[in-house]
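Have a look at the structure below, then the notes.
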Amino acid sequence: MRLTVDGQSFDIDADPEMPLLWALRDLMGKTGPKFGCGIAACGACTVHVDGRPVRSCSLPVGEVTGVVTTIESIGRGGKLHPVQQAWLEEQVAQCGYCQAGQIMSAVALLDEIADPSDADIDNAMGGNLCRCGTYPKIRAAIKRAVVLKTAGI
Amino acid sequence: MASVGRIARRTFLIGAAAIGGGVAVGYYYYRKPYPNPLEGDLAADEVTFNPYVKIGADNTITIVAPRAEMGQGISTTLAAMVAEELDVGLDRIKVEHGPASHAYYNATILEEGGPFAFFDESMTAQAMRAGMGVVGKLLAIQATGGSTSTRDAFLKMRQAGAAARQMLVAAAAQRLGIAAAELETANGRVLHKASGKSVTYGAVAAAAAAMASPADIRLKDKADWKLLGKPQKRIDMLAKVTGAPIFGIDVTLPDMLYGTVKMSPRFWAKPVKADLSKAEKMPGVIRIVPIETNYGHGFGIVAENTWAAFKAAEAIDAEWADPEYPLDSAAISDVLKQALGTKGSEMRDDGDVDTAFADAPRERIVEADYAVPYLAHATMEPMNATARLKDGVLDIWCGNQAPTLVRQLCANAVGIEQDKVSVHTTSMGGGFGRRVEVDYALCAALMAKETAGRPIKVIWTREEDMRHDAYRPASVGRFQARLGDDGMPVAVDMKIASPSMIASTLRRLFPSISPLGPDKSIVDGAHNQPYTIPNYRVTGIAAPVSIPVGSWRSVGSSINGFFHEGFLDEIAVAGKTDPVELRKKLMAAYPAAVKVVEKVAEMAKWGEALPAGKARGMAFTLSFGSWVGEVVQVADTPAGFLIEKVWIAADVGIALDPGIIEAQLISAAIYGLSAAMAQEITFADGLVEQSNFHDYDAMRIFQCPVFEVAILENFHKMGGVGEVGTPPAAPALANAIFALTGKRIRTLPLSKEVTFA
């Protein structure tokens, strides 16, 4: 089957039941999205399909019809995405394992709501678990990303 | 506190392990340095000065930070220690974890492994610390844990940087023909201000490395620090915001196979019957192999991709033998409670507790029973390892907290010598004590025997990870206090029963060493707190339940912080004393502790009236050498209780990176609050009942309070950082819920009794 991931076309031979996550990681070499739970309960595997955030661990690859974007292609022209830049400036990550998923959820949030309230953040980010407890910095980084995006950075 | 006589009568478990390592080899071997493990693996035109510093002719400066990066920021702080003395910025250096080597032994873990409280500076305590440090060197275990990394490294890694710098200056002096005393260093160069001449470190590195190590190593004064004591940008941050392949699970090798394991869901039990035929025939499955390790029995699935392996594991139809431990949580709890009635080890016995209680009037007695459940670590990255066994050489790639143990035990499992094993330690998607274990590496190593030299990446499902942990032990405590006329406690008697974490760890890692003597982790956080009560007894009892238990962030203090500080709150209420005032009075002999409690109370405006439906609780725990007070504010909302705000004051002695320390304190508090709110591992039919984040969840962003943190440096010894925020979190929360509702909850998790928003 044929998939477009991070702007590149892949031809893969996979069981259509295989979750998108494992197709990305094992068959396409995209290790950015992480495996955390396999049941869409932690968000570590979050990628975008046609710009919408999905839990790739629970989406059969055979059902993917849109364009897939992972953490590996959100930066443009050698620059970090404003959300990544904000994460860097706020020094968000500790172990870092959940952060690819957190960032992908935050990017989708800001694409939908340019200046989210705390309640919007809770709502969009509640499915992304972080065992290191980086939530206060995640919230601060989302707010910083709003400023960076507005400034066109 | 324990006296000399008592020490002599007991052999501490840590001592038992130490004797296994052979203390008898003597002082000479203690003084003799381990060989530099970097010697054998240098790039062209690269030289090494000591196990921590490599410099290339092109002035590439590499610092080895040989501790596990689990998110605690240790690679940044360790690198900063060397860079500070070497006079280079963190942006000028490369940082590597380095190889598994005894040269990177951790002496501090054992130094604080004795029965003494951190503040006990008696001759006996100091002698035992020094002795344990020697043992640490002889055992030479390279390990990350016990919040010891910065303390263990503080002298030796600064010295490594300073020694290299002095050698570079000496070589530059020869090259430039200028006296060393006239030269300065900055940003990877040696310079002579007067003449404007300078050379890069790289240009003189080869000559410098050939020199003898200086006998007199001069360290900077604290006042001259440029990096240490100030928040640094973490060296791993860019990789972590770009999804870079830095974790064990991301390891990708040419010709690699994939796999998973299905181990007995009953610990130690063997398969009675197993039908592999259906699983073996599934597409993508290459073969299924039996696995036997000291951790248990089961099967490894070798496949073409992870998904095929997961599906095949599910399709294995196996029946497992009966467990050797009680079948369910109720029966386990009974064993723990029965143990409370048996004789234990008194790890603190001040005054005469029996006499103090003998004539106590009923109304002056406070009594309470406490209990906490087993807990899983639930690191975000499920256990995994990649192994390749080719031409008699084993390579293992994995996150781990003890590379020399991984090397030793994998060599034994595969049947080769240790020098044929290379351990490549990756970043970890969380550790919290889980990666002190080596089960994930053993499984991968054994499966690599079956792949004809092809590497195999073995990833556990979340369910396998949740059900095969070395859990935080369940524990029960019985507490009694006698109050005086002024409401202050004159006697306390604390009995705590729990399975022994050290005995359990020895069974898995060193089954030939039999555990001797008491396990102080059973009472850690209860017997060594800076309170003065005239009659003060703390007894620990090892309960015979063989479910695997191990180190879970803050270990015994995660249990006893809750017990001790919950009970102290009960004493305050019964004696009509304010909980903050009670603590300040009891800890008056320890000014550092008083200052922490005063600080956190001041930050939280303790004592000021709150609106209806809100209340606060406080707790204090000294653990891993740091003194930590926390205040938690809860609000009753229509959706349930909400933790609104948490204040933390922590005295860490010397704060090497305030930014990272603050992040760790918040992280550890959230880890403790997550467990206190809703986590428990329970058993039915000998099996763990929880399996994934739907039934073993942790705090989410919408539950996360606002934090305010103060870092103090009053005490004269450096404390640990990674774990110390956890112990006071649960009791401060439970005490706040009591303040709000009048309901005293003595059994965790709190969700059994109340609902959280």
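The values are calculated or read from the model by the stated rules, or taken from the named source; none is laboratory data. This structure is a prediction, so every number in the text was calculated from the model and none was measured. We place every Cβ from the backbone using ideal geometry, glycine too, and count neighbours over all the protein chains shown.
Without any contact (Cβ under 8 Å) to a residue 40 or more places away in the chain and more than 23 Å from B:S674 (Cβ to Cβ), is that true of B:E598? So B:E598 passes the test.
Quick check: anything in segment B:608-628 in contact with an Asp or Glu (Cβ under 6 Å, 6 or more places away or on another chain) and under 28 Å from B:F154 (Cα atoms)? Within segment B:608-628, one or more residues are in contact with an Asp or Glu (Cβ under 6 Å, 6 or more places away or on another chain) and under 28 Å from B:F154 (Cα atoms).
When restricted to residues that are assigned to a loop (DSSP other than H, G, I, E, B), within 14 Å of chain A (Cβ to nearest Cβ) and not aliphatic (A, V, I, L, M), segment B:370-399 contains 5. Where strands (runs of 3 or more DSSP E) fall entirely within segment B:435-499, those with at least 2 residues that are touching a Phe, Trp or Tyr at 6+ places or on another chain (Cβ under 6 Å) are at B:475-483, B:489-498. Checked against the criterion of being touching a helix residue (DSSP H, G or I) at 6+ places or on another chain (Cβ under 6 Å), assigned to a helix (DSSP H, G or I), within 29 Å of A:E90 (Cβ to Cβ) and not aromatic (F, W, Y), segment B:699-714 contains one or more residues that satisfy it. Only residues that are within 7 Å of another protein chain (Cβ to nearest Cβ), of a type outside the set (S, T, Y) and buried (at least 20 other Cβ atoms within 10 Å of the Cβ) were counted across segment B:237-258, and they come to 7. In the set (1) buried (at least 24 other Cβ atoms within 10 Å of the Cβ); (2) at the interface with chain B (Cβ under 9 Å from one of its Cβ atoms); (3) assigned to a helix (DSSP H, G or I), the condition left unmet by A:A93 is number (3). Here the helices (runs of 4 or more DSSP H) wholly within segment B:522-623 that include at least 3 residues being more than 22 Å from B:I496 (Cα to Cα) and within 26 Å of the chain's Cα centre (by Cα) are B:591-603. Considered as a group, the residues in segment A:26-65 that are surrounded by fewer than 24 Cβ atoms within 10 Å (Cβ to Cβ) and in contact with a Lys or Arg (Cβ under 8 Å, 6 or more places away or on another chain) include one that is farthest from the other protein chains (Cβ to nearest Cβ), and that residue is A:A40.
Okay, residues lined up against (1) in contact with a strand residue (DSSP E or B) (Cβ under 6 Å, 6 or more places away or on another chain); (2) more than 30 Å from B:M157 (Cα to Cα); (3) at the interface with chain A (Cβ under 9 Å from one of its Cβ atoms):
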| position | (1), (2), (3) |
| --- | --- |
| B:E644 | yes, yes, no |
| B:W647 | yes, yes, no |
| B:G659 | no, no, yes |
| B:H694 | no, yes, yes |
| B:A698 | no, yes, yes |
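In the set B:Q166, B:Q232, B:Q159, which member is under 38 Å from the mean Cα position of the chain (by Cα) and within 14 Å of chain A (Cβ to nearest Cβ)? Unique residue meeting the criteria: B:Q232. For segment B:305-333, filtered to residues that are crowded, with 17+ Cβ neighbours inside 10 Å and part of a loop (DSSP other than H, G, I, E, B), the residue that is nearest to the other protein chains (Cβ to nearest Cβ) is B:N305. Among the residues of segment B:334-364, just one is surrounded by 15 or more Cβ atoms within 10 Å (Cβ to Cβ) and of a type in the set (S, T, N, Q), namely B:S345. Considering segment B:422-463, the residues that are acidic (D, E) and crowded, with 23+ Cβ neighbours inside 10 Å include one that is farthest from B:P749 (Cα to Cα), namely B:D439. Restricting attention to segment B:451-471, which residues are away from chain A (no Cβ under 14 Å) and among the basic types (K, R)? Listed by number, the list holds a single entry, B:R454. The numbered conditions (1) within 13 Å of another protein chain (Cβ to nearest Cβ); (2) in a strand (DSSP E or B); (3) touching a helix residue (DSSP H, G or I) at 6+ places or on another chain (Cβ under 9 Å) are all true for B:V632 except (1).
Considering only residues that are within 14 Å of chain A (Cβ to nearest Cβ) and of a type in the set (G, A, S), which ones fall in segment B:56-74? B:A68, B:G71, B:G73 - these are the residues of segment B:56-74 that are within 14 Å of chain A (Cβ to nearest Cβ) and of a type in the set (G, A, S). Beta carbons closer than 6 Å, at least 6 apart along the sequence or on distinct chains, pair a first residue in segment A:42-58 that is closer than 17 Å to A:L110 by Cα with a second that is surrounded by fewer than 23 Cβ atoms within 10 Å (Cβ to Cβ) and hydrophobic (A, V, I, L, M, F, W, C) for A:D50/A:V67; A:P53/A:A108. Only a single criterion out of (1) surrounded by 21 or more Cβ atoms within 10 Å (Cβ to Cβ); (2) assigned to a loop (DSSP other than H, G, I, E, B); (3) free of Cβ contacts under 8 Å to residues at least 60 places away in the same chain is not satisfied by B:R266, namely (3). Taken over segment B:358-400, the criterion of being of a type in the set (D, E) and more than 30 Å from A:I39 (Cβ to Cβ) is satisfied by B:D359, B:E363, B:E367, B:D369, B:D391, B:D395. Against the test of being surrounded by fewer than 24 Cβ atoms within 10 Å (Cβ to Cβ) and assigned by TED's automatic domain parsing to the domain that holds B:A206, the options B:L86, B:L42 yield a single qualifying residue, B:L42. The set of residues in segment B:283-304 that are within 12 Å of another protein chain (Cβ to nearest Cβ), assigned to a loop (DSSP other than H, G, I, E, B) and crowded, with 18+ Cβ neighbours inside 10 Å contains only B:G284.
Results for (1) at pLDDT 95 or above; (2) out of contact with any strand residue (DSSP E or B) (no Cβ under 6 Å at 6 or more places or on another chain); (3) aliphatic (A, V, I, L, M); (4) not in a strand (DSSP E or B), shown as yes or no for each residue.
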position: B:K230; (1), (2), (3), (4): yes, yes, no, yes
position: B:K233; (1), (2), (3), (4): yes, yes, no, yes
position: B:L238; (1), (2), (3), (4): yes, yes, yes, yes
position: B:A244; (1), (2), (3), (4): yes, yes, yes, yes
position: B:I249; (1), (2), (3), (4): yes, no, yes, yes
position: B:P254; (1), (2), (3), (4): yes, yes, no, yes
position: B:K262; (1), (2), (3), (4): yes, no, no, no
position: B:A274; (1), (2), (3), (4): yes, no, yes, no
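Taking first residues from segment B:184-210 that are within 18 Å of B:T48 (Cβ to Cβ) and partners that are among the aromatic types (F, W, Y) and surrounded by 18 or more Cβ atoms within 10 Å (Cβ to Cβ), the Cβ contacts under 7 Å between residues at least 6 apart in sequence or on separate chains come to B:G188/B:Y201; B:A209/B:F49. Scanning segment B:700-725 for residues that are hydrophobic (A, V, I, L, M, F, W, C), facing another protein chain (nearest Cβ under 9 Å) and out of contact with any Phe, Trp or Tyr (no Cβ under 6 Å at 6 or more places or on another chain) turns up B:F702, B:V706, B:F707. Each residue in segment A:125-138 was checked for being more than 7 Å from chain B (Cβ to nearest Cβ) and in a helix (DSSP H, G or I), and 1 pass. Scanning segment B:636-648 for residues that are more than 22 Å from B:K595 (Cβ to Cβ) and touching a helix residue (DSSP H, G or I) at 6+ places or on another chain (Cβ under 8 Å), we see that the one that is surrounded by the most Cβ atoms within 10 Å (Cβ to Cβ) is B:I643.
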